[in-house]
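The values are calculated or read from the model by the stated rules, or taken from the named source; none is laboratory data. This is a predicted model, so every value here is computed, not measured. Using ideal geometry, Cβ is built from the backbone for each residue, glycine included, and neighbour counts are taken over all protein chains shown.
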Amino acid sequence: MLKLTYTETNLHLEYLASSPEELVTRRVKLAMRTGTPLCVEPSQASFLLPVDLPGLQQLAETARRQGVDSLELYPADEDFIEVSLRGTWLATDGDIAEGLFVTSLTPFCETSIAKLWKAAAIDASCVRD
């Protein structure tokens, strides 16, 4: 499972061994026990990756070959590829931009996206230094 955490100022991606159903169940139980509102709905999430990352083309080809329909890659501009995922959105309110997004893909696609995300973050931190 991939978990994307959207905050007011950042986006964080994690690869987790549990399933989206397990995470959603735990979050619903927590919300019920604490009396916290929780919105759970099918949704789509997108983020950008640099177009020149090694492994990005292999991800696209493998996802297409394996028929992974929850993942789409689009050219955003000459420098970036938009990674679009279908999954489940969890937030305290359906209209806010802060919350969790979870999705389940093939193991290869999930680990590839996590590695590409990490590589992009490392490249970005090197540019800032």
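Quick one: is residue 83 surrounded by 13 or more Cβ atoms within 10 Å (Cβ to Cβ), in contact with a strand residue (DSSP E or B) (Cβ under 6 Å, 6 or more places away or on another chain) and within 19 Å of residue 104 (Cα to Cα)?
Numbers: surrounded by 13 or more Cβ atoms within 10 Å (Cβ to Cβ): yes; in contact with a strand residue (DSSP E or B) (Cβ under 6 Å, 6 or more places away or on another chain): yes; within 19 Å of residue 104 (Cα to Cα): yes.
Yes; evaluated as a whole, the condition is true for this residue.
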Which is in contact (Cβ under 8 Å) with a residue 24 or more places away in the chain and either within 16 Å of the chain's Cα centre (by Cα) or surrounded by fewer than 16 Cβ atoms within 10 Å (Cβ to Cβ) (or both), of 48, 53, 30? 48
Among the listed residues 61, 21, 78, which satisfies the condition of being more than 15 Å from the chain's Cα centre (by Cα), within 17 Å of residue 3 (Cα to Cα) and exposed (fewer than 13 other Cβ atoms within 10 Å of the Cβ)? 21
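From the residues in the range 111-124 that are in contact (Cβ under 8 Å) with a residue 24 or more places away in the chain and under 26 Å from residue 8 (Cβ atoms), which one is surrounded by the fewest Cβ atoms within 10 Å (Cβ to Cβ)?
Just the residues of the range 111-124 that are in contact (Cβ under 8 Å) with a residue 24 or more places away in the chain, to begin with: 111-117, 119-120, 123.
Filter once more, so that each one left must be under 26 Å from residue 8 (Cβ atoms): 113-114, 116-117, 119-120, 123.
Working: 113: 25, 114: 15, 116: 21, 117: 21, 119: 16, 120: 18, 123: 13.
That would be 123.
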Considering every residue within the range 13-25, establish whether at least one is in contact with an Asp or Glu (Cβ under 8 Å, 6 or more places away or on another chain), at pLDDT below 95 and over 16 Å from residue 120 (Cα atoms). no
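What about residue 38, is it at negative phi, touching a residue at least 60 places away in the same chain (Cβ under 8 Å), surrounded by 15 or more Cβ atoms within 10 Å (Cβ to Cβ) and not hydroxyl-bearing (Ser, Thr, Tyr)? Give the steps one after another, and end with the answer.
Values: at negative phi: yes; touching a residue at least 60 places away in the same chain (Cβ under 8 Å): no; surrounded by 15 or more Cβ atoms within 10 Å (Cβ to Cβ): yes; not hydroxyl-bearing (Ser, Thr, Tyr): yes.
Here the answer is no, as residue 38 does not meet what is asked.
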Quick one: which strands (runs of 3 or more DSSP E) sit completely within the range 1-81 and have at least 3 residues that are touching a Leu at 6+ places or on another chain (Cβ under 7 Å)? 2-6, 11-15, 39-50
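Go through the residues of the range 85-100 one by one and say whether even a single one is of a type in the set (A, V, I, L, M, F, W, C), in a loop (DSSP other than H, G, I, E, B), in contact (Cβ under 8 Å) with a residue 12 or more places away in the chain and touching an Asp or Glu at 6+ places or on another chain (Cβ under 6 Å).
Step one: list which residues in the range 85-100 are of a type in the set (A, V, I, L, M, F, W, C), which gives 85, 89-91, 96-97, 100.
So of that shortlist, the ones also in a loop (DSSP other than H, G, I, E, B) come out as 96-97.
Adding the requirement that they be in contact (Cβ under 8 Å) with a residue 12 or more places away in the chain leaves 97.
From the residues that got through so far, the ones that are touching an Asp or Glu at 6+ places or on another chain (Cβ under 6 Å) too are none.
Checking the range 85-100: not a single residue is of a type in the set (A, V, I, L, M, F, W, C), in a loop (DSSP other than H, G, I, E, B), in contact (Cβ under 8 Å) with a residue 12 or more places away in the chain and touching an Asp or Glu at 6+ places or on another chain (Cβ under 6 Å).
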